[in-house]
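Here the structure is laid out as C-alpha cells; the discussion comes afterwards.
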Amino acid sequence: QVQLVESGGGLVQAGGSLRLSCAASGRTFSNYAMGWFRQAPGKERDFVASIIWPGGRTLTADSVKGRFTISMDNAKNTVYLQMNSLKPEDTADYYCAATRGSALSSNPSWYDYWGQGTQVTVSS
C-alpha cells in the first residue's frame, strides 16, 4: 500500500501563491506517476497536473497552464504543486494521487492511491 499525505492548503487572496506538498510512504515502485486533482463543492473531480518518475515528464491542465507547476523530489518521496496567480475559481479541495507505471494520465480512474485532500480557498 501507498499512503499519501497532502499539506500546504489554506486561504489566500487572488493573485497570491501557495505550494502544496504530497508526501508518499509505504510501498515504492521503480516507476510511477503522481498527479494532482481538485474538486470544488458540487462539482466533479478535475485533473490539474501529473508527473512521472523517472524522467520527470509532466502533463498540465489547460486551465492552470502557466500558473501551476508540478515537480517532484524523489529523494523525499514528495510531489509539489506550485500555484501562482491564484484565482477565486481555483478554490477547491486538492487531492494527490499515485499509481505504478510510466504513463501520464488526466483520468482519475488511472490512479490507485489517493490522499485525503487539502483545502485551498482563494478570496477575491
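The values are calculated or read from the model by the stated rules, or taken from the named source; none is laboratory data. Worth saying up front: this structure is predicted, and the values here are computed from it rather than measured. Counting neighbours? That spans all protein chains shown, and the Cβs are built from the backbone with ideal geometry, glycine included. SASA here: full protein model, heavy atoms, side chains in, ligands and nucleic acids out. Shrake-Rupley method; radii C 1.70, N 1.55, O 1.52, S 1.80 Å.
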**Complete:** Whole-percent carbon and sulfur contribution to the accessible surface of the stretch 17-85 (1.4 Å, no ligands, DNA or RNA) stands at 45
**Message:** Using all alpha carbons of the chain, what is the percent of pairwise distances in each 5 Å bin, ordered from the shortest bin to the longest?
**Reply:** 2, 12, 24, 26, 19, 10, 5, 1, 0
**Fill in**
Amide H contacts under 5 Å for Lys87, restricted to residues at least 5 apart in sequence or on another chain and with H modeled in the peptide plane, are Gly15
**Accessible surface, the stretch 48-110, averaged per residue in Å² (probe 1.4 Å)** = 48
**Asked** To the nearest Å, what is the center-to-center distance of the stretch 86-120 and the stretch 64-85, using C-alpha atoms only?
**Response** 12
**Message:** Can you tell me which aspartates and glutamates have their Cα less than 15 Å from the Cα of Lys87? Leave out same-chain residues fewer than eight positions away.
**Reply:** Asp62
**Asked** Can you give the extra length, in nm with one decimal, that the chain gains between Arg27 and Leu11 once fully stretched, where that is 0.36 nm per residue apart less the Cα-Cα distance?
**Response** 2.5 nm
**Request:** Kindly write out, for the stretch 47-53 in residue order, the coupling ³J(HN,Hα) from the Karplus curve 6.51 cos²θ - 1.76 cosθ + 1.60 (θ = phi - 60°), rounded to whole Hz, with x marking Gly and Pro.
**Result:** 6, 10, 6, 9, 8, 10, 10
**Prompt:** Dipole of the stretch 8-102 (Lys/Arg Cβ +1, Asp/Glu Cβ -1, origin at the Cα centre): which of Cys96, Phe29, Gly42 lies farthest to the positive side?
**Reply:** Phe29
**Message:** Could you compute how much accessible surface Phe29 exposes when probed at 1.4 Å, giving the result in Å² to the nearest 10?
**Reply:** 40
